[in-house]
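Enquirer: One structure coming up, written as structure tokens, with questions to follow.
The values are calculated or read from the model by the stated rules, or taken from the named source; none is laboratory data. As the structure is a computational prediction, the values presented were derived from the model and not from experiment. Backbone-built Cβ (ideal geometry, glycine too); neighbour counts: all protein chains shown. Ligands, DNA and RNA are stripped out before the accessible areas are found, and what is left, the full protein with its side chains, is counted by its heavy atoms. Shrake-Rupley method; radii C 1.70, N 1.55, O 1.52, S 1.80 Å.
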Amino acid sequence: MHILADFLWMSDGTFLHWLLAIAITALVLDTFCQTEFISWGSLVLFAVWATVKCDLPIQWSILLFILFLGVAITLYYTLWKQLLDRFIFKPMLKNAPKEALDSFVGGKGEIRGEGSNLCVLYNSELHPVAEECRDGLSTGDKVVIRDFKDGYAIVAPINKA
């Protein structure tokens, strides 16, 4: 890291200040974007910042980085996420409209395709069916959408009685 700081003409400590500022900005940005990618990047930057501040040999720096990353991840999931949920997301977003896929839950659709390409046709849109729900389904079957998981529809057949 010191070589990188020297290369960027920031050997007087401004490199660490910038690293910390970017990590904090990314963590605050995570409040608005809600992506794990930005959060993890911020946690890695915090761990790098804390490791460089210790100024130890490379062998100890690697161990210390892993330790700082573990602490950062623990604090993130036990404190930061809980505070965001309790004080920002629940009060501010309690009357927010549902996501598009969440509004499909409970809707009735029709199966299209065959084999591993099974999709449910709902509201003139095709959504792939989860692999665990494909058994016993064929084209034309009527289904109820139970949930969406990782972009796949969890469906249950409508009993024909």
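Enquirer: Can you list residues whose amide H is under 5 Å from Gly107's amide H, if they're 5+ apart or on another chain and H is modeled 1.01 Å from N?
Expert: The answer is Ile145.
Enquirer: Same structure, new question: Can you run phi through the Karplus equation (6.51, -1.76, 1.60; θ = phi - 60°) for segment 79-94 and list ³J(HN,Hα) in whole Hz, with x for Gly and Pro?
Expert: Result, ordered by residue: 10, 4, 4, 5, 5, 4, 4, 6, 9, 10, 5, 5, x, 7, 10, 5 Hz.
Enquirer: Quick check for the chain: number of Lys pairs with alpha-carbon distance under 25 Å, counting only pairs 8 or more apart or on different chains?
Expert: Taking the Cα cut-off of 25 Å, the pair count is 14.
Enquirer: Enter the angle in degrees (range 0 to 90, nearest 10) between the Cα long axis of helix 14-33 and the first principal axis of the Cα atoms of the chain, meaning the one along which they spread out most.
Expert: Helix 14-33 and the main axis of the chain meet at about 20 degrees.
Enquirer: Nearest 10 degrees, 0 to 90: what angle lies between the long axis of helix 58-75 and the longest principal axis of the chain (Cα atoms)?
Expert: In the chain, helix 58-75 runs at an angle near 50 degrees to the longest axis.
Enquirer: Positive end of the dipole of segment 9-159, charges at C-beta (+1 Lys, Arg; -1 Asp, Glu), about the Cα centre: which of Thr78, Leu19, Thr51 has its Cα farthest in that direction?
Expert: It is Thr78.
Enquirer: Give the carbon-plus-sulfur fraction of the accessible surface of the chain in %, rounded to a whole number; probe 1.4 Å, heavy atoms of protein chains only.
Expert: 64
Enquirer: Sticking with this one: Helix 36-54 against the longest principal axis of the chain: what's the angle in degrees, Cα atoms only, rounded to the nearest 10?
Expert: 20
Enquirer: Accessible area per residue for the chain in Å², computed with a 1.4 Å probe and the full protein assembly in place, what is it?
Expert: Ligands and nucleic acids excluded, the result is 70 Å² per residue.
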